[in-house]
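What follows is a short report on a single structure.
The values are calculated or read from the model by the stated rules, or taken from the named source; none is laboratory data. What you are looking at is a predicted structure, and each value in this text was computed from that prediction instead of being measured. Every residue, glycine among them, receives a Cβ derived from its backbone with ideal geometry; neighbour counts consider all protein chains shown.
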Amino acid sequence: MVIHDHTLERTTNGNGMVREHTSAELRRLDAGQGEVIPLLQEVVELAIGKVGLVIEIKQVPIQYPGLEDKLVAMLRQLGAVSECAVVSFHHPSIRMLREMEPKLQLGILEGARPIDPARLMREAGADVYSPHWGATDPQLVKDIHSAGGAVGVWTVDDDAGVAWCKLCHPDSIFTNRPVEIGAALRS
């Protein structure tokens, strides 16, 4: 299922934990204006050949045993390994994915600034370091690039984030406002 939160209240008309419901039950919920919660496979099938996807897997604070195995199997079955990237705050999941599928683009998410982000990337087997944009600076971007990695920041949704991107030149950004932020970055 493609849903941001571990609970249903904020984004649907449902209640409780996502993991406490079957996929059939989740599909009956209203995720806004009559939209249903999509299956990840449906989203990947729609995107193949049209747009790359960044899939965030959430294993913190709740663990979903076998999630990594199921994800890799699905991406392989659909021939989508090269069209998707996977990111997570749970670095052991990224390490596991690297061992299962070396061709998969992988990133570690961070909310705060660690002492040595390049080391964290290496230990997890990640290609991309993805911090909150406010927890970085031009030197960090330079250091990650020098270590052979890329920087993908989240979540750039306002003028301050745009100004930071123009100063620091990350390789990619996460945003909830792609049209507006894209235009602001090009101006």
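Give me the pairs, please: first residue somewhere in the range 54-67 and closer than 17 Å to Thr7 by Cα and not assigned by TED's automatic domain parsing to the domain that holds Asp5, second residue anywhere and aromatic (Phe, Trp, Tyr) and part of a helix (DSSP H, G or I), beta-carbon distance under 7 Å, and either six or more positions apart or on two chains.
Listed pairs, sorted by first residue: none to list.
Report, ordered by the first and then the second residue, all pairs with beta carbons closer than 7 Å, sequence separation of six or more or different chains, a first member in the range 115-143 that is in the same structural domain as Trp154 (by TED's automatic domain parsing) and under 20 Å from Lys103 (Cβ atoms), and a second member that is of a type in the set (Ser, Thr, Tyr) and surrounded by 22 or more Cβ atoms within 10 Å (Cβ to Cβ).
Hits for this filter: Met121/Tyr129.
Regarding the range 63-81, can at least one residue be identified that is of a type outside the set (Val, Ile, Thr), under 21 Å from Gly148 (Cα atoms) and surrounded by 13 or more Cβ atoms within 10 Å (Cβ to Cβ)?
No, there is no match, as no residue in the range 63-81 is of a type outside the set (Val, Ile, Thr), under 21 Å from Gly148 (Cα atoms) and surrounded by 13 or more Cβ atoms within 10 Å (Cβ to Cβ).
Within the range 178-187, is even one residue among the hydroxyl-bearing types (Ser, Thr, Tyr), farther than 22 Å from Ser88 by Cα and modelled with pLDDT under 95?
Scanning the range 178-187 turns up at least one residue that is among the hydroxyl-bearing types (Ser, Thr, Tyr), farther than 22 Å from Ser88 by Cα and modelled with pLDDT under 95.
What is the residue count in the range 96-120 for residues that are over 15 Å from the mean Cα position of the chain (by Cα) and not small (Gly, Ala, Ser)?
The total comes to 14.
All but one of (1) over 17 Å from the mean Cα position of the chain (by Cα); (2) closer than 30 Å to Ala135 by Cβ hold for Gly66; which doesn't?
Here Gly66 clears every test but (2).
Which residue pairs have Cβ atoms closer than 6 Å, lie 6 or more positions apart in sequence or on different chains, and pair a first residue in the range 76-103 that is in the same structural domain as Val51 (by TED's automatic domain parsing) with a second residue that is outside any loop (DSSP other than H, G, I, E, B) and not hydrophobic (A, V, I, L, M, F, W, C)?
Listed pairs, sorted by first residue: Ala85/Gln105; Val87/Glu56; Val87/Gly107; Val87/Ser130; Ser93/Glu68; Ile94/Ser88; Met96/Glu68; Leu97/Glu68.
Given the residues Ile173, Ile181, which is the only one that is over 16 Å from the mean Cα position of the chain (by Cα), crowded, with 18+ Cβ neighbours inside 10 Å and touching a residue at least 24 places away in the same chain (Cβ under 8 Å)?
Testing whether each residue is over 16 Å from the mean Cα position of the chain (by Cα), crowded, with 18+ Cβ neighbours inside 10 Å and touching a residue at least 24 places away in the same chain (Cβ under 8 Å) leaves just Ile181.
Whether any residue in the range 149-170 is closer than 25 Å to Glu45 by Cβ and among the acidic types (Asp, Glu) is what I want to check.
Checking the range 149-170: not a single residue is closer than 25 Å to Glu45 by Cβ and among the acidic types (Asp, Glu).
Could you grab me the full set of residues in the range 104-114 that are of a type outside the set (Lys, Arg) and either touching a Ser or Thr at 6+ places or on another chain (Cβ under 9 Å) or outside the structural domain of Gln59 (by TED's automatic domain parsing) (or both)?
Result: Leu104, Gln105, Leu106, Gly107, Ile108, Leu109, Glu110.
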